[in-house]
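The values are calculated or read from the model by the stated rules, or taken from the named source; none is laboratory data. A quick note: this is a predicted structure, and the numbers were derived from the prediction, not measured. Heads up, the Cβs are rebuilt from the backbone with ideal geometry, glycines too, and the neighbour counts pull from every protein chain shown. Protein only, heavy atoms only, side chains kept; ligands, DNA and RNA dropped before computing areas. Shrake-Rupley method; radii C 1.70, N 1.55, O 1.52, S 1.80 Å.
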Amino acid sequence: MSNDINLVSNKDEASLKEKRRLKQVRMIAVVSLVVTALVSVLIFIINSQTSLSSIKKDEDSTLSNISYLNKKAAKLAIVNERLKNISDILQKRKNYTNAINTLLQLMPPDVYTATLELDKNDVFLVANSNSLLSIDKFLNGIIDLSSKKQVIGSVTVESLSVNAKTGNYSISIKSKLL
């Protein structure tokens, strides 16, 4: 009779085996979760250190480029300011080249310039020729310019002389520039 009586049932043994397996599976799940978390954190740290140094290098490179370009921009601003100032000065300044060319174009072929002096507002010119008619033609051209108010405003004849030995005439003219 005692053989047929089983005080401990097979169900308990099966449930114990199931509980052990469940415990093992939970333990494996927790260990794999911890390992995965540690590996993820480790990968994150390695990646952040690598990319951080790369970002730092990029930042340094960009800063050096910016400072280099900043120096160039400053130089460009200085050059542009100087060009603007030069342009302003050139616009305010009288055109001496135009005045000189106009006066020289009035000279007949046998009249030549002995002296040409430019002042801020005046032109002093000494012209020589062996013909009084050529001097007259030149003087009339300058007076015509003065009356039309083109290049020069007023004309003053400082002197008219003749060299008796050479027969050359010399005229000194002072005129105001416009």
Could you list, in sequence order, all residues of region 82-125 that are of a type in the set (Gly, Ala, Ser) and free of Cβ contacts under 8 Å to residues at least 12 places away in the same chain?
-> 87
Residues being exposed (fewer than 10 other Cβ atoms within 10 Å of the Cβ) and either at pLDDT 90 or above or over 22 Å from the mean Cα position of the chain (by Cα) (or both): count how many of those fall in region 85-100.
-> 4
Looking at 118, 125, 103, 83, which is the one that is over 13 Å from residue 152 (Cα atoms) and among the hydrophobic types (A, V, I, L, M, F, W, C)?
-> 83
The one condition in (1) open to solvent by 50 Å² or more (accessible area, probe 1.4 Å); (2) free of Cβ contacts under 8 Å to residues at least 12 places away in the same chain that residue 48 fails to fulfil | (1)
Among the residues of region 134-178 satisfying the criterion of being polar (S, T, N, Q) and under 16 Å from residue 104 (Cα atoms), which is modelled with the lowest pLDDT?
-> 150
How many residues does region 134-158 hold that are more than 16 Å from residue 178 (Cα to Cα), in a helix (DSSP H, G or I) and open to solvent by 30 Å² or more (accessible area, probe 1.4 Å)?
-> 4
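Does residue 59 qualify as being among the acidic types (Asp, Glu), open to solvent by 90 Å² or more (accessible area, probe 1.4 Å) and over 21 Å from the mean Cα position of the chain (by Cα)?
Answer is no for this residue.
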Scanning region 110-133 residue by residue, those open to solvent by less than 80 Å² (accessible area, probe 1.4 Å), outside any strand (DSSP E or B) and modelled with pLDDT of 90 or more turn out to be 110
